[in-house]
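One structure is given below, encoded as structure tokens.
A short reminder: the numbers here are calculations on the coordinates, not readings from a lab. Please read these numbers as outputs of a predicted model, since none were measured by experiment. Glycine gets a Cβ as well: all are built from the backbone with ideal geometry, and neighbour counts include every protein chain shown.
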Amino acid sequence: MQDSAFPLIAGVELGGTKCICILARGPDAVEEEIRIPTTTPAETLAAIEAVLDRWTGFVGIGVASFGPVGVDRAGADWGQVTVTPKPGWSHTDIARRLGRRYGVPVGFHTDVVGAAMAEAEWGAAAGLADVAYVTVGTGIGVGLVAGGRPVDGLTHQELGHIRPVRLGGDDWIGTCPFHGACLEGLASGPAIAARAGRKAEDLAADDLVWENVVHALGQLLHTLVLTGVPRRVVMGGGVMTGASHLLPRVREAMTKSLGGYSMLPEVAAPDTYVVPAGLGGRAGPLGAVLLGAQAVRERAFTTP
């Protein structure tokens, strides 16, 4: 879809360390983009509102936030960061607050779902309505989109916390405070650094630590294939972009893990089924724009 067909949206990507506010109709029609540090909820939301107060003409707001978040519109916690280890942010209302202040429809979801929507609209999965976006960085997250909409039910996906089968002889405890050696506890940036004693970007391609990372991520992709949802998997995040050798090995690990099961033609061509992100750091903010545009189409006004 051409950018001119989109309404003017105020998008907010709310990240763990920074927020990006964007006033746009799409990637080729960005009027302004401003970065704000993520500090306390009071300071951060006041700074976001100071930006939006200056902007005029937007007809909707989209928020793509770090999680966990409430995404069930019928739930009391919709539009909130729910229970998070980030100090002070648990039960912080975002979407309803912005809806009351500006009186426009508000779309709200996770940052990874926003990125998935943006990659499906303008990026590495353009033209596909059924997409998975995987980010491997400080944490590991997955956003699933089917039919152009987030795959939702009780809540959003938390596939970064699945428990992969371990490599033989590997009994390292992992770093996840909840599950130890779940996917995030084995293959995120902090997990790699904890195991190796060095940051991921400082490791050689043949470092043995990568074997465990590749093995775990291959099983994540195996799981995504078996959901039956994604026609393409887009992979981003600092670990993936910082290690160019990783993507081919993860593709190979997915194929090996599947063992020939459910090998549809798309999946049997891993070079085109699992691809690098195309929008880079713009995926999250542009995803927020899409969430806002979706809310406008559905007239999804928030309630006080």
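Some notes on this structure:
- The chain: relative contact order in percent, alpha carbon pairs under 8 Å with at least 6 residues between: 23 percent
- Dividing the convex hull volume of the alpha-carbon atoms in the chain by its residue count gives 126 Å³ per residue.
- DSSP-defined beta bridges in the chain - what % are antiparallel, rounded to 5: 55 percent
- Among Leu144, Leu208, Leu98, the largest mean-square fluctuation in a Gaussian network model of the chain, built with springs joining Cα atoms closer than 10 Å, belongs to Leu208.
- Sparse-neighbourhood loop sites, trypsin sites (Lys or Arg not before Pro) in the range 248-304 - DSSP loop, at most 14 other Cβ within 10 angstrom: Arg299
- Kyte-Doolittle at least -0.5, axis length at least 24 Å by Cα - qualifying DSSP helices, the chain: 209-227
- For the range 126-277, the dipole from Cβ point charges (+1 on Lys and Arg, -1 on Asp and Glu) about the Cα centre works out to 160 debye, to the nearest 20.
- Dividing the summed -39500 (n - 2.57) terms of all DSSP H runs of n ≥ 4 by the residue count of the chain sets its mean residue ellipticity at 222 nm at -10000 deg cm²/dmol.
- Spatial offset of the range 147-177 relative to the range 44-76 amounts to 27 Å, using the alpha carbon center of each.
- Other-chain or far-sequence residues with amide H under 5 Å of Gly237's (modelled H): Val136
- Between the beta carbons of Ile162 and Glu33, assuming R0 = 35 Å, the FRET efficiency works out to 0.55 to the nearest 0.05.
- Cα gyration tensor category, rounded, prolate or oblate, for the range 183-304 with a/c compared to 1.5: oblate
- Projecting the Cα positions of Ala200, Val275, Gln157 onto the charge dipole of the range 126-277 (unit charges on Cβ atoms of Lys, Arg, Asp and Glu, taken about the Cα centre) puts Gln157 furthest along the positive direction.
- Label point at Leu226 placed 7 Å out along Cα→Cβ; residues across the range 142-170 whose backbone nitrogen lies under 12 Å: 163-165
- The charge dipole of the chain, taken about the Cα centre with unit charges on the Cβ atoms of Lys, Arg (+1) and Asp, Glu (-1), comes to about 420 debye, rounded to the nearest 20.
- Neighbour cut-off at most 12 other Cβ (10 Å), DSSP loop, chymotrypsin sites (Phe, Trp or Tyr not before Pro), the range 115-222: Phe178
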